[in-house]
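The next block holds one structure in the form of structure tokens; read it before the comments.
Every read-out reported here was derived from the displayed coordinates using simple, explicitly stated rules and does not represent laboratory data. These numbers were taken from a predicted model, which means no experiment stands behind them. Quick reminder, even Gly has a Cβ in these numbers, built from the backbone with ideal geometry, and neighbours come from all protein chains shown.
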Amino acid sequence: MESSPFKEDVLKGKVALLTGGGSGIGFEVATQFGKHGASIAIMGRRRQALDAAVSSLASLDIPAIGFEGDVRKLEDARRVVESTFQHYGQIDILVNAAAVMDIDSVGTFTMCHEALKYLKKGGPGRKSSSGGLILNISATLHYTASWYQIHVSAAKAAVDATTRNLALEWGTDYDIRVNGIAPGPIGDTPGMSKLAPEEITSKAKDYMPLYKLGEKWDIAMAAVYLASDAGKYVNGSTLPVDGGLWLSRPRHLPKDAVKELSRVVEKKSRSAPVGLPKSKL
């Protein structure tokens, strides 16, 4: 694993509440936030996964606590947000990393709404004179279209719209920054295991701009950047972290074949008559 380019205390004194932080990308973000000085609260539906995540963070001397709950349920969202505040006395960062269609779209907004009073400028427990940060984990699937992913694509499109609109409204009214991260294909995640078996993944690398899969660490470093003062003027943006894959298409011809074909076309073009034939009318 690469070493972090950020100072270890870049998030010192911050409290981050993460949904979906018990596993996968969400847990890596929680870990890196903790390694950079933040105290962590994790919300999830599976008690066993929560306990394992909190134990793992504690073994790294990261202050961490887990709350069981479903982000789709208003009462759960409210209870976890208030419990996090009661435990730490403040909330500075909300990361919505839980996934599935209604969890993505409805759950993301529900958590944002319940965390508002603690994140806004002048809210309870705010030690800073500015507002906090909301970070929504999105995707790039809906930038074009994706086979068999209509539910995720629709949900993430809603998340991106929520990010932009809250950035506009809450940035103005409450000094809260709202941003997103759109991961590309990240190795060793449930999503990659379900959608891209190894034999398909190895072929996909041939047309990925950086010719490799990303790591959960890559997403976590983007999150640390946006959560730190380095990202203090970034608001309303969803940052694709996918190696440029969303820009690409499969290659129908190898690069050398394209060059050779181009030479042939150019040669024909130079030898062709100049100008248009005169009309016979």
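For ARG47 and GLN149, the FRET efficiency from 1/(1 + (r/R0)^6), where r spans their Cβ atoms and R0 equals 35 Å, is about 0.75. Backbone amide hydrogens, once placed in the peptide plane, bring SER237 within less than 5 Å of GLY180, excluding anything fewer than 5 places away on its chain. The 3J(HN,Hα) values that the Karplus relation (6.51, -1.76, 1.60; θ = phi - 60°) gives for region 106-122 are, in residue order, 5, x, 4, 5, 4, 5, 4, 4, 6, 8, 3, 5, 8, 8, 5, 4, x Hz. Gly and Pro appear as x.
Mind scanning LYS120/LYS156; LYS73/LYS117; LYS12/LYS216; LYS121/LYS216; LYS73/LYS156; LYS156/LYS255 and naming the pairs with a C-alpha gap bigger than 29 Å? Don't jump to the answer; show the numbers that get you there.
On the way: LYS120/LYS156 25 Å; LYS73/LYS117 18 Å; LYS12/LYS216 22 Å; LYS121/LYS216 31 Å; LYS73/LYS156 19 Å; LYS156/LYS255 34 Å.
Long pairs (Cα-Cα over 29 Å): LYS121/LYS216; LYS156/LYS255.
When ILE150, ILE103 are arranged by Cβ crowding within 10 Å, least crowded first, meaning fewest neighbours, the order is ILE150, ILE103. For region 1-133, a/c is not less than 1.5, where a ≥ b ≥ c are the root eigenvalues of the C-alpha gyration tensor, and a/b does not top b/c. That puts it in the oblate class.
Within the same chain, aspartates and glutamates fewer than 8 places from LYS14 are excluded, and of the rest, those with a Cα less than 18 Å from its Cα are GLU28, ASP61, GLU82, ASP92, ASP175, ASP229. Only one of [x] 21.4; [y] 18.0; [z] 15.8 was calculated from the structure for mean projected area of the Cα convex hull in nm², and its label is [x]. What shape does region 212-252 have by the C-alpha gyration tensor, where a ≥ b ≥ c are the square roots of the eigenvalues, rounded means a/c under 1.5, and otherwise prolate means a/b greater than b/c and oblate the rest? Note, shape of region 212-252 comes out oblate.
Each helix, a run of at least 4 DSSP H residues, gives -39500 (n - 2.57); summed and divided by the residues of the chain, these come to -13500 deg cm²/dmol at 222 nm. Test of understanding: in a Gaussian network model of the chain with alpha carbons linked when under 10 Å, which of HIS36, HIS142, HIS87 would top the mean-square fluctuation ranking? In the Gaussian network model the winner is HIS87. Taking a point 7 Å from the Cα of LEU210 along the Cα-to-Cβ direction, the residues of region 6-21 with backbone N closer than 20 Å to it are 6-7.
Taking label points 7 Å from Cα along the Cα-to-Cβ direction, ALA257 and ASP173 give a separation of 5.6 nm.
Determine, from the Cβ-Cβ distance of TYR233 and GLN86 and an R0 of 41 Å, the FRET efficiency 1/(1 + (r/R0)^6), rounded to the nearest 0.05. Could you put the intermediate results ahead of the total?
Details: r = 32 Å, r/R0 = 0.78.
Result of the calculation: an efficiency of 0.80.
Computing FRET efficiency as 1/(1 + (r/R0)^6) for LEU74 and GLU8, where r is the C-beta to C-beta distance and R0 is 41 Å, gives about 0.65.
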